[in-house]
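Reviewing the structure listed below.
Laboratory data are not the source of any read-out in this text; all were calculated from the coordinates shown. Computed from a predicted model, the values in this text were never measured in an experiment. So basically every Cβ, Gly included, is an ideal-geometry build from the backbone, and we count neighbours across all protein chains shown.
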Amino acid sequence: MELRDKLAILADAAKYDASCASSGTNARDSRGGRGIGSTEGMGICHSYAPDGRCISLLKILLTNHCQYDCLYCVNRASSNVPRARLRAHEVVQLTLDFYRRNCIEGLFLSSGIVKSPDHTMEQVVEVARSLREDHDFRGYIHLKTIPDASPELIARAGLYADRLSINVEMPTTEGLRSLAPEKDESAIRRSMARLRLQIDATREERRRMVPIRALPGAPAVAAKPQPFAPAGQSTQMIVGADATDDRRILATSATLYGAYRLRRVYYSAFSPIPDAARALPLVAPPLMREHRLYQADWLMRFYGFEHQEIVPAADGLLRLDVDPKMAWALAHAERFPVDLNRAPREMLLRVPGLGVTAVERLLQARRVRRLRADDLRALRVPTRKVLPFVVADGHRPAAGDANRVARLAAAAPRQASLF
Ligand code: SF4
């Protein structure tokens, strides 16, 4: 099979994986003719997969052959799809070629499982090793690791990759058991825990080295730390392949963030696949549900919301018509309006339309003067959304303003489903 045909099959097979953002790694570049690649967003061409996702990495599978039979996966052993397999050196060459053509900023590599988890993981690690050691590649590398592979192999992956990820796949133990019975939840959690320890240990080692180097004239006494996934670890959950509701999904995310210090949890709306098992739904969940989960996830990580309070609805689902922060504010009318001049940071963060940066600026400004509605306009926050929920000098919202703005928000054009 021609390389071009293999690439078409393996890039298409990888499009269902959403966890490929390249944030958070160390800054590297190849200025001065040293090496190839950069992690600083230079020379990137974004492209869009057929399902609408933005791709800025060469995102491929090493192979879409797989001995496992996860029901939701288009690459499962029983799936009737064209198969292909790339050798490690072919992936290396493709990555370098695409980078030189300014098409990508790095590589996202995953794989179906062939022969054994260790055999597959060895090939995946070899790609990253060769890029870094043989070609001095300085671009971004994200490796999807195989939880059943040996800890030594996963540790080697961390020497070359910016980010490692292990997919939990389903939000619940029952869901994983029924749709991916060959996957071992405890192996997934064990691997995540090991990664967390290695990432934490490397960060701590780096942190300790800085002050020693910072002293004028003092030599660095600690050994140079081994790179270990500086962009951390992430995971992905499939949404809508079973009946798990948003409340449970967010509870799982909260546990994953807390226990394994994940950098990101990605939510991937289930895509119906050819010849699907009967246990799977025939239609995809609305993409808006995926979007609302990302917004709710953001509230947990940056806005001080607990996962339990974000989804109060009896059916356990996030509202699709308004964003989760607006939904919370409408459900807690007794907490509003919030006084911009007196409210604590935690409460300002709960005002619809106020982001973290805007809140910090308001807190700084009110140290020296009283705030007015015009201060919000100067910050370029969406005042139509904010003003019904706040009081400031010269401004007090009328009764019913909040509901009016929510109705307007709900009537705004919605993202269309691609399915
Ligand atoms: S192990 Fe991965 S590639 Fe194989 S069937 Fe399961 S989800 Fe698909």
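Would you kindly state how much longer the chain becomes between Leu282 and Lys115 on full extension, computed as 0.36 nm times their sequence separation minus their alpha carbon distance, in nm to one decimal?
56.9 nm
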- Item | FRET efficiency, 1/(1 + (r/R0)^6) with R0 35 Å, evaluated for Gln93 and Ala193 via beta carbons | 0.50
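Please identify every one of the trypsin sites (Lys or Arg not before Pro) in the stretch 316-351 that sits in a loop by DSSP and has no more than 14 other beta carbons within 10 Å of its own beta carbon.
Working: sites: Arg319, Lys325, Arg335, Arg342, Arg345, Arg350; in loops: Arg319, Arg342, Arg350.
Taking the stretch 316-351 and a limit of 14 other Cβ atoms within 10 Å, the loop trypsin sites (Lys or Arg not before Pro) found are Arg342.
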- Query: Using a ≥ b ≥ c from the Cα gyration tensor of the stretch 353-399 (square roots of the eigenvalues), is it rounded, prolate or oblate, where a/c under 1.5 gives rounded and otherwise the larger of a/b and b/c decides, a/b for prolate?
  - Reply: oblate
- Decide, for the stretch 324-411, between rounded, prolate and oblate: order the square roots of the alpha carbon gyration tensor eigenvalues as a ≥ b ≥ c, take rounded if a/c falls under 1.5, and otherwise choose prolate if a/b is larger than b/c, else oblate. prolate
- Query: Once phi is turned into ³J(HN,Hα) by the Karplus curve 6.51 cos²θ - 1.76 cosθ + 1.60 with θ = phi - 60°, what whole-Hz value does each residue of the stretch 160-170 show in order, with x for glycine and proline?
  - Reply: 10, 8, 6, 9, 10, 9, 10, 7, 7, 6, 10
- What distance in nm separates the simple spin-label points at Val81 and Trp298, each placed 7 Å from Cα in the Cβ direction? 3.0
- Given labels modelled 7 Å from the Cα in the Cβ direction, how far is it in nm from Glu122 to Glu306? 5.0
- Cα-projected label distance for Asp245 with Val356, points at 7 Å along beta-carbon direction, nm: 3.0
- Enter the Cα centre distance for the pair the stretch 89-107 and the stretch 273-301, rounded to the nearest angstrom. 31
